[in-house]
Amino acid sequence: MRWPLIIYNLGRLVLIVGVAMLTCLPWSIVDHEAITLEFSGAAGLTVISGLLLTRLFRTGDSINFKEAYVIVSLGWVVASIFGALPYMFTGYLPSPADALFETVSGFTTTGSSVVADVESWPRSLLFWRSLTQWLGGMGIIVLLVAVISNLGVRANQMFKAESPGPISDKISPRIRESARKLWLTYVLLSLACAVLLCIFGMDAFDSLCHTFATLATGGFSTKNTSIAYYTSPGIQWTLTIFMFLSGASFTLHFLAFKLRKPLLHWKDPEFRFYTIVTVVASILVVLSQSAAGTAMGWEEKIRAAFFQVVSIMTTTGFATVDYNYWPTLASGVLFLMMFVGGCSGSTAGSIKPGRYLIIAKRTIIDLKKMLHPKAMLTLRYGGRVIDDDLSANILQFFFLYFVFLAIGTITMTALGLDILSGLTASATCLGNIGPGFNLVGPMENFGFIPDTGKYVLSLMMLIGRLEIFPILVLLLPSLWRE
């Protein structure tokens, strides 16, 4: 393991984080905020640290297979540590546990928060809080691959380790070109979302912050009541549409635009399943609301149902209502959506529809083999053959996902949370969703959880964002041997 090479690349990542912090300073200067000096200090320290690490450990060597995993896993940890500095330096989150939780929640696009009154925060901090989600949505490692030219052939390994889903598609044979095109698609959709939000009545600052959270499927809002603050149907439908788009593959978005084939998405089996689940779940919520006699018009019921289903399923975590008070069936549907997630190659978290499809196909093949033991059956998915190694990997993912969910739930209940709050706090952090139920519901926050719990949940957010394996690889002794 060549540590100077690893530290050098981590330094480049720190430098990117520092430069991103500097973009928040104009808000502080324009508003004459009292924290301008402290925020500048946090940004300056991050930039200087990045420059020092890249200068002291400068090397032209390419990374190898093992080093790629280390850089990806440690990169998220290092970025989160430096990203917490603005909160601590300004005194708005002086506790290291709170600052780290908020930063990890941002970079992993979870959206869980320890802040009770975000409306009292200065705009520079709110912008940084939202920007962490936007950077983490497409992936800070993918951004590193896009802007750095000499990462070598293992840049592909870094790209795959961070990209969500069982299968990682490339737009271009060159991984750096793929990363750039994904980020370009991400930026263009962000611009479209921000413009529409402005048209429907949001001011420029709030539209930027909510766009960052929407395209990243993050869920941080500048309002204490989240999107419930905005009663405009136009704003809520715009966010619903862009959350849904962000939960689909950005590779599909790019190819559909490039080839001028808007129906290209429907040829993808995962997108079809994703769409069907969204529609069916939303209909069930509407029927549940109607059966309970909820005092809302049909358009409002449909809007609320689609918004909340898409928000939870894509792991965005915005809220227009406190669904803790919804009928049992509606709450049950939302709970199940926490374990679905968006498509592979999206900015969404959780398990992913593609994994469910592959497991279902694998199950059907195994059942057929019980009747026809000598039959040679091939598992195909999206026009490609799925080998036994990938099938086994997906089964392992399911097993490990629920093992970590169980560990998190036990830890939270041991710290005093009731079972529903403990279970959904763990599920929402592992799935990078944001709100849970009961004490961690959509109108609540995580500030009451003890520091130990916040560190555990922060780790679960990182494990969920990197989809378990890159983190667990660090525990293998063979990784550290020459």
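Every number here is computed from the coordinates shown, using simple stated rules; none is lab data. Predicted model, so just to flag it, every value in this text is computed and none were measured. Every residue, glycine among them, receives a Cβ derived from its backbone with ideal geometry; neighbour counts consider all protein chains shown.
DSSP loop trypsin sites (Lys or Arg not before Pro) in the stretch 341-400 with at most 15 other Cβ atoms within 10 Å of their Cβ, which ones? Please list the in-between numbers first.
Details: sites: Arg355, Lys361, Arg362, Lys368, Lys369, Lys374, Arg380, Arg384; in loops: Lys374.
For trypsin sites (Lys or Arg not before Pro) across the stretch 341-400 that sit outside H, G, I, E and B with at most 15 neighbouring Cβ atoms in 10 Å, the list reads Lys374.
For the chain, return all DSSP H helices satisfying: extent of Cα atoms along own axis at least 24 Å; mean Kyte-Doolittle hydropathy at least 1.0.
On the way: long enough: 3-22 (28 Å, 1.81); 36-56 (29 Å, 1.19); 65-83 (27 Å, 1.41); 175-199 (36 Å, 1.34); 269-291 (33 Å, 1.24); 353-371 (28 Å, 0.26); 388-414 (39 Å, 1.32).
Helix filter hits for the chain: 3-22, 36-56, 65-83, 175-199, 269-291, 388-414.
Annotation for the stretch 250-280: trypsin sites (Lys or Arg not before Pro) lying in DSSP loop with at most 12 further Cβ atoms inside 10 Å of their Cβ are Arg260. Taking the fewest neighbouring Cβ atoms within 10 Å as the starting point, the ordered list for Thr413, Thr314 is Thr413, Thr314. Taking 23 Å as the straight-line reach from the Cα of Lys301, the lysines in range (excluding those fewer than 8 positions away in the same chain) are Lys223. Each principal axis of the Cα cloud of the chain was evaluated for its coordinate range; sorted largest first, these ranges are 64, 58, 53 Å.
Spacing of the modelled spin labels on Leu367 and Ile283, each 7 Å from Cα toward Cβ, amounts to 2.2 nm. Put the Cα centre of the stretch 369-425 next to the Cα centre of the stretch 170-247 and the gap is 30 Å. Distant-in-sequence amide contacts of Tyr381, defined by a placed amide H-H separation under 5 Å and a gap of 5 or more residues or a different chain, comprise Ile386. Once C-alpha pairs closer than 8 Å and six or more residues apart are averaged by separation and normalised to the residue number of the chain, the relative contact order reads 18 percent.
Set the bar at 21 Å for Cα to Cα. Now go through Lys181/Lys261; Lys267/Lys369; Lys181/Lys258; Lys267/Lys352 and name every pair that lies beyond it. Intermediate results must be reported in sequence, preceding the final value.
Details: Lys181/Lys261 17 Å; Lys267/Lys369 28 Å; Lys181/Lys258 11 Å; Lys267/Lys352 17 Å.
Flagged as over cut-off: Lys267/Lys369.
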